[in-house]
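Q: First the structure, then my questions, so here it is.
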Amino acid sequence: MIIRVAVIGTGAERDPVRVDLPNYGELTADPVTGRAFVDVPNLDVPDGVAAFVRANPVTDLVSPLPGEFPPSLARQWAEHLARRYDLGTAKWHPVVA
Amino acid sequence: MRVSSYAVARPIYYDRNSATKGKTYQASAVAPHTTTTRWTYTVPTGKAAYVEALNAMIYRDVAPTVVSLAQVIIYIVSSDAVTSTVLQVRTYTSATYTFFYGSQSNIALLKAGDQIYANTFDNSTGGSVTYTVDLKLTEFDA
C-alpha cells in the first residue's frame, strides 16, 4: 500500500537518506519536509497501521497529517517487521508522517 | 520383491511457494542531492531470493552550472553486514541526453535478512538528471 512516511539519514555514503523500512519503493520524496510516499508490501503493514493510513488520507508531501500517528501503532509496526524480517531484533522503526 | 526409497527430492526453488518481486525507480528532472535510497528489498524470515535482473540508466536532462559526479549504485548488504556492490552507473559529463546504461543478470542468491539497496547521488550544482533503476527477483521458501 502507499504510505507517507518520514525519511531518515544524513545523505552520507554510509548513511543515505532513506525510509526506515526493509522493503519499499520510493514514489516521490521531499527533502525539505522530510517525507516520502512509498509503496510498501501489504504483508509488511499491520492491520492497525493500515487502518490509520486509510483513516488519515494525504495527497501531498507538505500538508500535515489529519491525525497524530500514535506511538502504540509505531511500536506495533516495528514489532511486526522484526518478526517478519530479522528474527526479533527491532531494526526498523517506520513512522507515518 | 520391489524395493524403493521413501526419499523424495526437494522441489527446485521456483516450485517452493515462489513469488516474483520487482522494484523500480523512474524519475525525471531530479535535482542534485545527497546519497538517497530509492528502493530496498530485504529477504523475509524463512525465505530466500534469487536476483535475476538489475538495470540502471542515467542521463542529464538539464546541464548543471558546475558539473560533478552523478551515479546510480546497487549493492547488497548480507545479514552479517558484508557489503557488495553489484551495479554502478556514473556520469561526469554536463552534456544533456547522453545516456549511460548498465545491467546484470542472474547475479545473486540472497538469504533471510540479506538486503539489496538502490541509491542515487548527484554532487553537481544546478541542472537535473533522469534515473531508472530496476530489480527483478524470485522469492521462495528457504
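Taken together, the values in this text are just the output of simple stated rules run on the coordinates, not laboratory data. Bear in mind that the values here come from a model prediction, so they are computed numbers and not experimental data. Glycine also receives a Cβ, built like all others from the backbone with ideal geometry; neighbour counts cover every protein chain displayed.
Q: To one decimal place, what Kirkwood hydrodynamic radius in Å is obtained for segment A:2-85 from all pairs of distinct Cα atoms?
A: 13.5
Q: Also, quick follow-up: List, largest first, the extents of the alpha carbons of the protein assembly as shown along their principal axes, each in whole Å.
A: The Cα atoms of the protein assembly as shown stretch 85, 44, 27 Å along the principal axes, largest first.
Q: Say we join alpha carbon atoms closer than 10 Å with springs in a Gaussian network model of chain B; which of B:THR65, B:THR37, B:THR91 then has the biggest fluctuation?
A: Highest fluctuation among the options: B:THR65.
Q: First measure r as the distance between the Cβ atoms of B:VAL77 and A:ALA55, then evaluate 1/(1 + (r/R0)^6) with R0 = 45 Å and state the FRET efficiency to the nearest 0.05.
A: Between B:VAL77 and A:ALA55 the formula returns 0.80.
Q: Of A:LYS91/B:LYS136; B:LYS21/B:LYS47; A:LYS91/B:LYS21, which ones are farther than 19 Å apart at the Cα?
A: Checking Cα-Cα distances, A:LYS91/B:LYS136; A:LYS91/B:LYS21 exceed 19 Å.
Q: Determine the shielding of peptide B:28-36 by partner chains: average, over its residues, the number of Cβ atoms on other chains within 10 angstrom of each Cβ.
A: 4
Q: A further question on this structure: Please list, or write none, the aspartates and glutamates whose alpha carbon is within less than 16 Å of the alpha carbon of B:LYS111, excluding same-chain residues fewer than 8 places away.
A: A:ASP86, B:GLU52, B:ASP80, B:GLU139, B:ASP141
Q: What FRET efficiency comes out for B:PHE99 versus B:ASP15 if R0 is 41 angstrom and r is the Cβ-Cβ distance? Round to the nearest 0.05.
A: After rounding to 0.05, the efficiency reads 0.60.
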